[in-house]
Structure formats: structure tokens, C-alpha cells
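No value in this document is a laboratory result; all are computed from the given coordinates. Computed from a predicted structure; not experimentally measured. Here the Cβ positions follow ideal geometry from the backbone for every residue, glycine too, while neighbour counts run over all protein chains shown.
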Amino acid sequence: MSYVMVALTVVAAGLAIVPLVAILGYLIKQGAGALSLEFFTSMPKPVGEAGGGMVNAILGTLILIGIASSVGLPIGIGAGLYLAERGGTRLANLVRFLADVLNGLPSIVMGIFAWEFLVRPIGHFSALAGGAAIGAMMIPLVTRTTEEMVRTVPQSLREAALALGFPRWRTSLQIVLRTALGGIVTGVLVAVARVAGETAPLLFTAFGNQFFSTKLTQPIAALPLQVFVYAISPYDEWHAQAWAGALVLIALILIISVISRFVVRSKHGRAND
Amino acid sequence: MSAALQPAAPAPTATTVTGRIDVEHFDFWYGKTQALHDITLSIAPRAVTALIGPSGCGKSTFLRSINRLNELIPGARRSGEIRLDGENIYQKGMDVVTLRQRVGMVFQRWNPFPKSIYDNVAYGPRINAQPNRVDLDAIVESALRRAALWDEVKDRLRDSALALSGGQQQRLCIARALANDPEVLLLDEPASALDPIATQKVEELVYELKRDLTIVIVTHNLQQAARISDRTAFFYLGKLIEMGDTQRLFTSPREERTEAYITGRFG
């Protein structure tokens, strides 16, 4: 009987990775053809012309990640530190609960919200609005990972610092946060990977841009948006470009995930006494 | 010790002996639970004072009151005075940071920072006094020498402190506390998790250090208290039952409860 059980779980484990393998395989098959150095260095070509690339969208996605990080990381890490160090208060419980709610919020809702408060008052779409929308999505992810990681820092380490005459803020920043840094970096990278592929919140915030723009106050291109636009177009060349764009996006996220795993290993190996 | 090694505390000279602790009517509560009742005692400088008593008797609470580490616990309250060199450490305007530089502490479970040996020792002076680099090297070496660790680690100061053995890590924690040049050193069962040889090293160290420090040590090990301390205080149920010269207290205790404890009838 237990052999059957083992066999079943092995099959389930195999099936679990089928989607990823299938998606990756199909993406490579469809997208690798359109992928070339040109894809990373040149602008999209008009319909009917061969070649062209998505440099504007790749750069746009990186800029959006940058904006999102400068919104999401300070708030998320600060809130996580608060929750871990002052976890028992009523405010802490409220923040923790709301962070979980925010985490489950559909991303399209986040986009609508950003549109209402960042696009409409200004009068046009902008990179800032898009970055803020996905940055807000990073906050709960970063908050909860930071809290978890800071909690794993042993109380004895805090006491050691305090007993040496460290002020409390210095203990939190220099000892606690730095000890937990490996885990926090991982959480941050996971959050970045997660929002890098978001499309819905960008639809009516960053909006996309067929031209090359790095202006933060103007609409900006993004890989997921470009893939969306190209995929629903009627042109075969654009479909190929969409596959290539999707492949680049997946590769980007995969690279971030691999880096995060690497960071975990090198940091955690040391932190364990 | 050179003048460069005195970053935080006023330099003790031959005439002024610092590090005297006087406790008067000290009470301490964790929320509604009273952990210490009306403690009055004096701790002599340049001597080892052992605090003994069964688990939960308040000896650790008392130890942590001397550097005000207890007040971080939510709901903690106290009344009464603890004076360090005549100055009430609980008075308004007393800087806790300065106090904790003057009163160093070493814990039961060694807790070096996950950093290099050098950085562990340099942390306190670096934060508290910001000496220049040359001073810092001298402070680190001096602290490690005083902790009898220098010869074992001088060739690998940049290695992770966590690579050291338990006994070495504990002596590193002592060196880390010494680098602040404290007047008082609080030891909370510093050897209870160490093997006999490492314990012996820590005990020898305590004996060396009392020449220029006030040492207060909490221990569950009565033989250890008898071996290394000059004076012993017996705590029971949050009260100070008896305090006196170690030899006298162990050979002819005045209180029945003291006698019962040191002869092993309870605890």
C-alpha cells in the first residue's frame, strides 16, 4: 500500500512541474526565433517590416521596477521591522491583517485605485503612476517577509547589542536588520519577480508607449503590456515578437529567482550558529 | 592600560576605586508579579559577588536591573534605588547608553554577532566612542588579551566569530564587553553551558578580571560560587535571604533556608 502512495506522490510531483516545463518549452520554441541581439537594442518596427525589438519595453519594465522598489521597499521593510519588534500592539495586529488583505487584493483593483488617485488628478498616464501601483503591491509581500525574517533573529543577539550600550534604534538597524538581511533580500527579490510580470495594474497607469521614453511623468512601455498588445494584434510578425517578449520576461523573472536562492544559501549558511 | 584604552569611562586611578554598587529597598514587578522584594545590599568593587538561589528566585532579574536591561520587558516596573558610585542609575537624566557602557554584561548562552572576531570586539567602542583606527586595533587587542583569547585568535581576527568553539565564543563575548572598558561586569551563568575545561578557563578569567573590575555573577553551580566569589548573596522567592563573605556563608550560614539550599535540601 505504501508503495502505491509513494508512486502516487511521485507522479503528483512530476505533474507539478509539467506546467512550468511546458510553458518554458513552448515559449522557447515560439519565441527563440524572433530573439536576437536586435530584440534587445532596437525599437519596434511598423507592421510589415521585419525585425525590430522591444528595447523601450525592456527598459520601461526596469524603470517601473525601480519606481516600485523605491515605493515598496522602504515602506515594506519599515513596516515589517515594526511588526516584528513591536508585534503585540493593537496597531501591529491591524497592520498585519490589512497587509494580508492587501496581499490578496486583485491587481486590477490596484490599477483602478492608482488611476483614480495618480492618473486622473494629473490628467495623463505616467510611469510614476504605474510604478506606484505595482510598488503598492510589493508592500505587503515585503512587509510579511521582513517580519518573518526579523523574528528569526534570536533575542539573545538584541540583548547583546543593548547590553553593549547600543540605543534601541541602532540595535534594530545595525544588528537585527543586518542579521536578517539575507532573508529580507530574498523576500524582496521574490516580490520584484512577482510584480515585474504584472499587466493589469499597468493597463491604465503606465499605459504603454510605442516610442522610446524614460520620462517618469509620461506613459512608459513595459514588457507585459507590449506582449499583451502584440499578442492580440492580427499580425504574424507581432505575434512572434510577443512570444519573444514573453520569453524575455520569463527569463528576467527566472534570473531574479535564481539570484534570490543563491543569496539565501550564502547568507543562511553563516547565520546558523 | 594606556590612556587610549579609556574611551568611555573616566580613567580609574590608584586612589579612586569605581564600580561600587549600593542597592536600597529595590522592588521589581513583571506586570502584577512581584519578582524582587525590598532588596538592600552593597556590592564591593574589585571583588566577585556571586548571586545564588533556586530557579525563579529573582537573581537574574536583579542582575538585569543593574544595567537596566529589564525595563525593555513590557509591564516591567520597579521602585527603590540602585546606586553606581553614589549615583542612582534610575534617576531622571541618567543615560542608559552610558550606563550600559559602564556596566557590561555576559549572558548564559554566548551570543556573538554573526561577524568577524575583530568586529565583534570593536563594535562597542566603534559605536560609543568613535576612536580612530589605530586606537581601535589597540582596544581590540587589549580586550582580547584581558579575555585570555588573544593568543588563540590573533591570526584569524577576520574570521567569523561563529567558527570559534563555544568556550571561545563565550570568552569573545567577555572581550566584547571589556572593550567598552566597563567598571562593572555582570555575568549571567556564564559557564553553565560550557564543558569543564572551558568553564575552568572562564573561572580563571574572572579571577584575573576582579583586579580592576566589579564582578557580579549569577550561578546555579554552588561549587563555582564557592570557588570564585569573595561574597555571596542568597536569593529565595524574590527576597535577599542572606549575604556575606563566601567562606562564612558556605561554612556557617546564619539563615536556615540558606543552609537548606547549600546543603542541597531544596533547589
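Things to note:
- Over chain A - Rg/Rh using Cα atoms and the Kirkwood inverse-distance radius: 1.05
- Helix B:196-209 and the long axis of chain B differ in direction by around 90°, with both axes built from C-alpha atoms.
- Take the Cα of residue B:192, step 7 Å toward its Cβ, do the same at residue A:7, and the gap between the two points is 5.6 nm.
- Within chain B, percent of DSSP bridges classed antiparallel, to nearest 5: 60 percent
- Crossing angle, helix B:133-146 versus chain B [Cα axis fit, 0-90 degrees, rounded to tens]: 40 degrees
- Between residue B:247 and residue B:44, the distance separating the two model label sites (each 7 Å from Cα on the Cα→Cβ line) works out to 1.2 nm.
- Relative contact order of chain B, pairs being alpha-carbon contacts under 8 Å that are 6 or more residues apart, as %: 28 percent
- Computed from the C-beta positions of residue A:251 and residue A:216 and an R0 of 30 Å, the FRET efficiency is 0.70 to the nearest 0.05.
- Amide H contacts under 5 Å for residue B:220, placed H, 5+ residues apart: none
- Per-residue mean of C-beta atoms belonging to partner chains within 10 Å, peptide B:94-101: 3
- Spatial separation of Cα centroids for the range B:52-100 and the range B:124-173, in angstrom: 27 Å
- The largest-to-smallest principal axis extents of the Cα set in the range A:49-132 are 62, 25, 21 Å.
- Stretch gain in nm, segment residue A:124-residue A:261, where the contour uses 0.36 nm per residue and the Cα spacing is subtracted: 45.4 nm
- Counting Cβ atoms of other protein chains within 10 Å of each Cβ in A:152-159 and taking the mean gives 3.
- Cα gyration tensor shape for the range B:86-130, rounded if a/c is under 1.5, else prolate or oblate: oblate
- Reciprocal mean inverse distance between Cα atoms of the protein assembly as shown - Kirkwood radius, Å: 27.6 Å
- Stokes-Einstein diffusion for the range B:19-262, with the hydrodynamic radius set to the Kirkwood value over Cα pairs and evaluated at 4 °C in a medium of 1.567 mPa s, equals 70 µm²/s.
- Residue A:89/residue B:83 FRET efficiency (R0 45 Å; Cβ-Cβ; nearest 0.05): 0.85
- Seen against the Cα atoms of chain A and their longest principal axis, helix A:181-196 is set at about 30 degrees.
- Cα centroid separation, the range A:46-104 to the range A:116-186 (Å): 11 Å
- Model label points for residue B:135 and residue A:15, set 7 angstrom from Cα along the Cα-to-Cβ axis, are 6.9 nm apart.
- Beta bridge orientation in the protein assembly as shown: antiparallel %, DSSP, nearest 5: 55 percent
- Only alpha carbons enter this Debye calculation for the range B:108-187, each as an equal point scatterer, and the log10 of I(q)/I(0) it gives at q = 0.23 Å⁻¹ is -1.06.
- Relative contact order of the range B:28-120, defined on C-alpha pairs under 8 angstrom at six or more residues apart (%): 27 percent
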